[in-house]
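Undergrad: The structure is given below, and queries will be raised subsequently.
The values are calculated or read from the model by the stated rules, or taken from the named source; none is laboratory data. This one's a predicted model, so the numbers in the text were calculated from it and none came from an experiment. For neighbour counting, all protein chains shown are included, and Cβ atoms are generated from backbone atoms with ideal geometry for every residue, glycine included.
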Amino acid sequence: MRRGKYPFIIGFLAVPVALYGTFVVAAYIQTFQLSLTNWSGLGPIEYIGFDNFVKLWHDDLFWKSVRHNLFLLLLLPLITILIALVFAFLLNVGGGFSRGVTRGVWGSKFYRVVFFFPQLLALAIVAVIFGRVFAPDKSGLINGLMPESFKPWLFLADEQWALTCILSVLVWQAIGFYVVLFSAGLGSISQEIYEAAALDGATRITLFFRITVPLLWSTIQVAWIYLGIAAFDAFALVNIMTVDRGGPDGATSVLALMIYRNAFEYSQAGYASALGVVLFFLTLTFAALTLRVTRRETVEL
Amino acid sequence: MTTNLSSTDALSGPPGVVPARAAGRRPGGRREFNAFTGLAHVSLIVWALATAGPLIWVVLASFKTNTEIFLGRPYALPESFSFDTYVSAWSQAHVGRYFLNSVFVVTLSTVGTMLFGSMAAYVLARYRFPGNRFIYFLFVSGLAFPTFMALVPLFFILKGFGLINTFTGLILVYIAYSLPFTVFFLAAFFKTLPKEMEEAAVMDGASHTRTFFQIMVPMARSGLVSITIFNIVGQWNQYLLPVAIMQGAGADSKWVLTQGIANISTSAGYQAEWATLFAALTLAILPMIVVYAIFQRQIQAGLTAGALK
């Protein structure tokens, strides 16, 4: 062994570990600690046991926010994955067979390039764009496209539809990424399988359900977890797009927004930390549940 | 393999009947194929329009007057083309400053992330020492936690160091929060590199540090490129961290692009300067389109690399 192995190891690890320990590990640990205090962000820290969590239990806005996060958690992955799978299938296999190879429909390269682009935009920028797209008067893209006599839709100003607007923006941005992701997975599925199935007279719809979906299962699982984590966030969209930030009347409030407002606007650092702890356990439960529910035998080739 | 074949067999009946059935189905099958192809094209075109439509609309609206914008007809061409709104977005609305701030912060933080991330990943992947596994899992466990869970303590830790509302603070935080994925990805990558080159370097008397920078880094180039793109895009698009960190007196001169645009959007409502907002948005989107047009393949590969691992 060369001399100086340990000085080298320490030299290489010192800065990254110090940065990570100070700004990430310490912060996560302190979240648990602060959740047991009524600290405002200034002055002495006083421990109050689980009072914050009791207060949460009786907080209407908290339950509303949890419901909204669950709404996004359920629908965002479901809709995105379904549409992305269909598009990926069309772009890779949808063109049918020619000379023994499956191919995508005409122009599939172009579609893939266009679909992917929104992924490159910051969610904050997307939020500002769609804030205008959904404008409740003629200046909005959608209302502007409606015929003259049409009564403009309220979109984000409508309690019933505001959250659906948020969901649709998340879907809009995510689909292209998952089309590319699933396409990469489809590329690795052997041509022979499709060929064999086609010789057996399988239609493209059969190919989709019997071959594409089972063989992509592990990628779908990853996609589900990624989208689930995105559904727990949504902070940028809600903070920028919605009426009264989280409104109207709390109709779009999510946990991330509650954390931010309690910490930086209401001087409730302790309460915000308690929300962080709840969020942590929700995320953990979701990941564990997903892995358990979606576990099935991988089709080996 | 068997699973798939048997399931298709089950659909088309007993094996002996298959050829006849398939042959008999062919004409009908073709018709289904044509309808299918038509439908496929319609759905793809609709989604391509839904993707590009809002962006084209933003560019068009940036040339319009307020009156034109409120007239409806979103895809009508503007009455006159003038770049006044762009000048006002760039200088009066400070998009130029936000843009340069973003370039400055992301350049330094990406360089830092790649340097420290690859150093840590290399040591953790290729050296055996007590505590190796512990440090590795400490880094990787960071992948499981949402960033905004740590937001409150993070703010007060930075405040303790006097780093709130400073570029230094923001850059250090970007690096720290990018490390879990960077270390995770690069450690896996460094593990796959062959030992021979490294041994040859040792024979020639190269130090550990030199071996890393002159032998291992060039060999790991493809992995480093992917993860660099991943980090640039991720840090460029950050919104939560700058909003939490860049606050206080005079903070608006240090805002990054995402933050700045979000703020212009809020004030555009009060001042009714919608065209300026659309020009600001165009200025934020256009560079992305240019970069994407040039590096399209590398960007797609870089951003999906993580999910495929």
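Yes/no per residue for (1) touching a residue at least 12 places away in the same chain (Cβ under 8 Å); (2) touching a helix residue (DSSP H, G or I) at 6+ places or on another chain (Cβ under 7 Å):
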{"position": "B:53", "(1), (2)": "no, no"}
{"position": "B:60", "(1), (2)": "yes, no"}
{"position": "B:68", "(1), (2)": "no, no"}
{"position": "B:73", "(1), (2)": "no, yes"}
{"position": "B:80", "(1), (2)": "yes, no"}
{"position": "B:117", "(1), (2)": "yes, yes"}
{"position": "B:123", "(1), (2)": "no, yes"}
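Undergrad: Okay, next question. Hey, could you check region B:66-86 for residues that are more than 26 Å from residue B:287 (Cβ to Cβ) and in a loop (DSSP other than H, G, I, E, B) and say which is farthest from the other protein chains (Cβ to nearest Cβ)?
TA: If we take residues in region B:66-86 being more than 26 Å from residue B:287 (Cβ to Cβ) and in a loop (DSSP other than H, G, I, E, B), then B:79 is farthest from the other protein chains (Cβ to nearest Cβ).
Undergrad: Among the residues of region B:227-274, count how many are assigned to a helix (DSSP H, G or I) and within 11 Å of another protein chain (Cβ to nearest Cβ).
TA: 25
Undergrad: Moving on. Somewhere in region A:87-94, is a residue surrounded by fewer than 24 Cβ atoms within 10 Å (Cβ to Cβ), in a helix (DSSP H, G or I) and at pLDDT 85 or above?
TA: Looking for residues that are surrounded by fewer than 24 Cβ atoms within 10 Å (Cβ to Cβ), in a helix (DSSP H, G or I) and at pLDDT 85 or above, one finds none in region A:87-94, hence no.
Undergrad: Against the condition of a type outside the set (D, E, K, R) and either at pLDDT below 90 or under 20 Å from the mean Cα position of the chain (by Cα) (or both), how does residue A:23 come out, does it pass?
TA: no
Undergrad: Name the residue, out of A:222, A:213, that is hydrophobic (A, V, I, L, M, F, W, C) and more than 10 Å from chain B (Cβ to nearest Cβ). If you could, list the steps in order and put the result at the bottom.
TA: Working: A:222 fails: more than 10 Å from chain B (Cβ to nearest Cβ).
Checking each option against the conditions leaves just A:213.
Undergrad: When the residues of region B:190-207 are filtered to those that are among the charged types (D, E, K, R) and in a loop (DSSP other than H, G, I, E, B), which remaining residue is farthest from residue B:122 (Cα to Cα)?
TA: The qualifying residue farthest from residue B:122 (Cα to Cα) is B:204.
Yes/no matrix, rows are residues, columns are (1) surrounded by fewer than 18 Cβ atoms within 10 Å (Cβ to Cβ); (2) of a type outside the set (S, T, N, Q):
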site: A:112; (1), (2): no, yes
site: A:124; (1), (2): no, yes
site: A:129; (1), (2): no, yes
site: A:135; (1), (2): no, yes
site: A:152; (1), (2): yes, yes
site: A:158; (1), (2): yes, yes
site: A:163; (1), (2): no, yes
site: A:173; (1), (2): no, no
site: A:179; (1), (2): no, yes
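Undergrad: So residue B:148 fits all but one of (1) within 11 Å of another protein chain (Cβ to nearest Cβ); (2) touching a Phe, Trp or Tyr at 6+ places or on another chain (Cβ under 9 Å); (3) crowded, with 21+ Cβ neighbours inside 10 Å; (4) modelled with pLDDT of 85 or more; what number is the exception?
TA: So the condition that residue B:148 fails would be (4).
Undergrad: Is at least one residue of region A:161-183 part of a loop (DSSP other than H, G, I, E, B) and at pLDDT below 80?
TA: no
Undergrad: For the structure I just gave you, tell me whether residue A:294 is farther than 27 Å from residue A:131 by Cα, surrounded by fewer than 16 Cβ atoms within 10 Å (Cβ to Cβ) and in contact with a Phe, Trp or Tyr (Cβ under 9 Å, 6 or more places away or on another chain).
TA: Yes.
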